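Read the structure below first, then the notes.
The values are calculated or read from the model by the stated rules, or taken from the named source; none is laboratory data. Small disclaimer: the values here were computed from a predicted structure and weren't measured. Cβ sites come from the backbone with ideal geometry, for glycine too, and all protein chains shown count toward neighbours.
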Amino acid sequence: MLRATSGAEPLVVENLKVYYPLRRTLEDLLRGRRRYLRAVDGVSLRLAEKTTLALVGESGSGKTTIARAVVGLVEPTAGRILLWGADLRTLEREELRKVRRMVQMVFQDPSTSLNPRMKVGDQVKYPLDVNELGPPEERRERALEALELVGLKPAEDFYNRYPHQLSGGQRQRVAIARAIVLRPRLLIADEPIANVDVSARAQILELLRELKESMGLSMVYITHDLSSAWSIADSVVVMYLGKVVESGGVEEVFGEPLHPYTRALLHAVPAIGAEKAAAEAIKLKGEIPNPLEMPSGCRLHPRCPFATDKCRVEEPELRDVGRGRFVACHLYS
């Protein structure tokens, strides 16, 4: 029996670390050291039932790595991932398989996540085949139902097409259909509009909102596009170089950003939230540091106009500043 706790939050991540070992140089060998890319470095977050949490930040911030760890595509170096109160590290093989079925992921680029040589219907049906759920005819009917739910109608017509016969927006709808065919409780959408035509982006976002309501889904929405996060999310976690720098309700964080990095991100989209967000927006200096040569102290300090000596040597903790808000910045310590 699955050891999940009734009424528990769909997703809790505690001090998650995902480190990738780097190839050792001659100097590393001589010094007896091993270096790591710290893709995710001590991240904690929580997702409330039937809400949407946005993970935002620039490329390389660790957003996708967190998602891949949750669905089992990446092995955590340390930390805990709990799904409905069940610690993934302690589950037996069959229990883990069952709980993983309740979590599905939509990947960023449907042109690479879909098999060009398989018919659309067979790809949507594939998760049912792998998990041996129901007889063949029932699997086909569920695949058709999923195609209908994502707006690919008539479903019979789309079932027998190949991915190259579809537009980018339609391919992403197929990817979403494949994710919901198992009737999950948690959907992770990784940059679902990044490779879709501008004209179709709003439609994909609206589709995700509709599915969340009709299926009672909880959702993690990953993006570098703050405008889409604002339109779909209830809460937000802002990441920078593997660390959470700020989190809270999306209206509070975008309407009154605290961390300099959040304020800098909002500088590019001042229409989000209150006018105060635009008025207090700042610009950062330089480029994102090489993740292989992480700055000491606060990772933002080489670019931050408010950096002090303390920022250069001491890494700020993620602090509770009230009203469900958390920020990792010495300005609030």
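Annotations for the structure displayed:
- Scanning the stretch 73-95 turns up no residue that is surrounded by 17 or more Cβ atoms within 10 Å (Cβ to Cβ) and under 24 Å from LEU226 (Cβ atoms).
- Some residue of the stretch 46-58 being within 29 Å of GLU213 (Cα to Cα), in a loop (DSSP other than H, G, I, E, B) and among the basic types (Lys, Arg): yes
- Filter pass, ALA175 being touching a residue at least 60 places away in the same chain (Cβ under 8 Å) and either assigned by the TED database to the domain that holds LYS125 or surrounded by fewer than 19 Cβ atoms within 10 Å (Cβ to Cβ) (or both): yes
- Filter result for ARG80 (basic (Lys, Arg) and modelled with pLDDT of 95 or more): yes
- Top-ranked residue of the stretch 196-224 - restricted to ones that are surrounded by 19 or more Cβ atoms within 10 Å (Cβ to Cβ) and within 30 Å of ASN290 (Cβ to Cβ), ranked as nearest to the chain's Cα centre (by Cα): ILE222
- Conditions (1) more than 23 Å from the chain's Cα centre (by Cα); (2) modelled with pLDDT of 95 or more; number of the one not met by ASN131: (2)
Per-residue answers, yes or no, for (1) more than 20 Å from PRO291 (Cβ to Cβ); (2) modelled with pLDDT under 95; (3) small (Gly, Ala, Ser):
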site: GLY7; (1), (2), (3): yes, yes, yes
site: LEU16; (1), (2), (3): no, no, no
site: LEU22; (1), (2), (3): no, yes, no
site: LEU26; (1), (2), (3): yes, yes, no
site: LEU30; (1), (2), (3): yes, yes, no
site: LEU37; (1), (2), (3): no, yes, no
site: ASP41; (1), (2), (3): no, no, no
site: ALA67; (1), (2), (3): no, no, yes
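- Selection status of SER247, in the same structural domain as TYR19 (by the TED database), in contact with a strand residue (DSSP E or B) (Cβ under 9 Å, 6 or more places away or on another chain) and at pLDDT 95 or above: no
- Restricting the stretch 8-24 to residues that are of a type in the set (D, E, K, R) and without any contact (Cβ under 8 Å) to a residue 40 or more places away in the chain, the residue that is farthest from LEU47 (Cα to Cα): ARG24
- Pair list, Cβ under 7 Å, 6 or more apart: the stretch 131-148 residue without any contact (Cβ under 8 Å) to a residue 40 or more places away in the chain, other residue loosely packed, with under 14 Cβ neighbours inside 10 Å and not in a loop (DSSP other than H, G, I, E, B): ARG139/ASP129; LEU144/GLU156
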